[in-house]
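Before any comments, here is the structure.
The values are calculated or read from the model by the stated rules, or taken from the named source; none is laboratory data. If you're wondering where the values come from, they're calculated on a predicted model, not measured in any experiment. Neighbour counts run over all protein chains shown; Cβ positions are idealised from the backbone, glycine included.
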Amino acid sequence: MTEANGGLYARVRVFAALAIFLSAASTVQADTPFSCFSAGGLTPLLRSEGIAEFAGDVVFNCTGGTTTPQGSPVPQVNIQIFINTSLAITSRLFGSGNEALLLMDDPVGSEQVLCTTPLTGCSANGVGPDSAAQQNAYKAGRISVFQGVPAGLNSVVFRGVPIDPPGEALFADGSPLVRTIHITNLRVNASQFHGSGFTPVNASTSATPAAAFPIDSQATTTIGFASRRRHAPLRHNRVRAGLSEHFLFLRIWILQSRVRFGDQSGARTAGLWHPP
């Protein structure tokens with residue numbers, strides 16, 4: 001073998017090794033599992049004599065996974081919340097659902113687009129893996145607010161929620177993109193808790209199919225403490241929203257009425273909730 005041929009073979013081996021390394025690295029990146037972790041939240045004091053006390057929120061942050069290809073249907077999931085007592089959820093009924101809401105990526109203002117078919121949910125198409133597209137996956141007129149449906153005395157379900165894994169997308173600052181699932185406006189019948197002192201009110205979460213919303217082992221969240229003492233309740237949802245309870249209830253009615261009578265612009269001016 002000549003020296004020239006030997007050098008050529010050496011370069012070929014180096015390129016082959018580099019190609020294998022890059023392939024393995026890209027495979028590891030693509031195989032980052034989709035996972036969702038409980039982010040906790042406020043745990044207000046709930047009056048033990050109250051039958052419709054606002055509880056804390058249930059929040060999950062999701063990372064990784066494989067993004068849905070652009071134009072393909074996003075996997076839909078039913079997300080169900082259970083409270084650790086019977087007769088617990090007393091969120092006001094409205095139409096075929098109630099006032100409990102699930103928000104995707106914490107939309108604000110005109111980004112809040114209500115799904116008007118809570119019994120079946122709403123479909124969505126993927127926006128692809130591009131970071132800018134993933135940052136706006138639930139904005140720009142796309143549905144981002146889902147109404148809860150009673151699923152038993154102590155349970156509420158959000159049906160047909162499309163959850164697109166963020167994959168390897170990044171925020172503008174270069175940090176990994178986090179997909180947020182935020183459940184708010186849960187009322188509970190705190191009078192059902194008869195313990196002394198402060199009794200924790202817990203909410204557990206399940207998903208069907210589980211692979212579309214892989215919840216970690218901390219799927220049980222404390223959303224408040226029922227107290228037999230007469231504490232003023234922390235109306236955190238209403239205070240930080242800057243909205244009265246009656247305004248929220250009326251606003252959902254206006255939204256659904258506009259959509260029902262053909263005014264689609266009503267679905268894009270929700271004003272249902274504002275983050276802190």
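With Phe94, Phe54 as the choices, which residue is more than 29 Å from Pro166 (Cα to Cα), surrounded by 20 or more Cβ atoms within 10 Å (Cβ to Cβ) and in contact (Cβ under 8 Å) with a residue 40 or more places away in the chain?
Values: Phe94 fails: surrounded by 20 or more Cβ atoms within 10 Å (Cβ to Cβ).
From the options Phe94, Phe54, the qualifying one is Phe54.
Tell me whether segment 102-112 contains one or more residues that are part of a loop (DSSP other than H, G, I, E, B) and surrounded by 24 or more Cβ atoms within 10 Å (Cβ to Cβ).
yes
Can we say Phe60 is out of contact with any Phe, Trp or Tyr (no Cβ under 8 Å at 6 or more places or on another chain), of a type outside the set (Asp, Glu), outside any loop (DSSP other than H, G, I, E, B) and touching a residue at least 24 places away in the same chain (Cβ under 8 Å)? Let's see the steps before the verdict.
Numbers: out of contact with any Phe, Trp or Tyr (no Cβ under 8 Å at 6 or more places or on another chain): no; of a type outside the set (Asp, Glu): yes; outside any loop (DSSP other than H, G, I, E, B): yes; touching a residue at least 24 places away in the same chain (Cβ under 8 Å): yes.
So Phe60 fails the test.
Of all the residues that make up segment 152-173, how many are at pLDDT 95 or above, over 24 Å from Asn125 (Cα atoms) and small (Gly, Ala, Ser)?
Here the count works out to 1.
Quick check, is Ala133 among the aliphatic types (A, V, I, L, M), out of contact with any His (no Cβ under 9 Å at 6 or more places or on another chain) and under 23 Å from Asp173 (Cβ atoms)?
Here the answer is yes, as Ala133 does meet what is asked.
Output the number of residues of segment 148-176 satisfying the condition of being closer than 21 Å to Leu87 by Cβ and part of a strand (DSSP E or B).
6
Does Leu170 satisfy being surrounded by fewer than 24 Cβ atoms within 10 Å (Cβ to Cβ) and more than 19 Å from Val59 (Cα to Cα)?
yes
Here's the yes/no breakdown for (1) of a type outside the set (Ser, Thr, Tyr); (2) over 16 Å from Ser155 (Cβ atoms); (3) in contact with a Ser or Thr (Cβ under 8 Å, 6 or more places away or on another chain):
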residue	(1), (2), (3)
Ser91	no, no, no
Glu99	yes, no, yes
Thr116	no, yes, no
Thr120	no, yes, no
Gly128	yes, yes, yes
Ala133	yes, yes, no
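From the list Ser110, Ser86, Ser123, Ser96, pick out the single residue that is of a type outside the set (Val, Ile, Thr) and at pLDDT 95 or above. Walk me through it before giving the result.
Details: Ser110 fails: at pLDDT 95 or above; Ser86 fails: at pLDDT 95 or above; Ser96 fails: at pLDDT 95 or above.
The conditions single out Ser123.
In segment 180-211, what residues are within 12 Å of the chain's Cα centre (by Cα) and either closer than 12 Å to Ser38 by Cα or not in a strand (DSSP E or B) (or both)?
Residues satisfying the conditions are Thr180, Ile181, His182, Ile183, Thr205.
Of everything in segment 50-81, what is under 16 Å from the mean Cα position of the chain (by Cα) and of a type in the set (A, V, I, L, M, F, W, C)? Give them in sequence order.
Val58, Val59, Phe60, Cys62, Val74, Val77, Ile79, Ile81 - these are the residues of segment 50-81 that are under 16 Å from the mean Cα position of the chain (by Cα) and of a type in the set (A, V, I, L, M, F, W, C).
In segment 14-42, which residue that is part of a loop (DSSP other than H, G, I, E, B) and over 22 Å from Arg92 (Cβ atoms) is modelled with the lowest pLDDT?
Within segment 14-42, the match that is modelled with the lowest pLDDT is Asp31.
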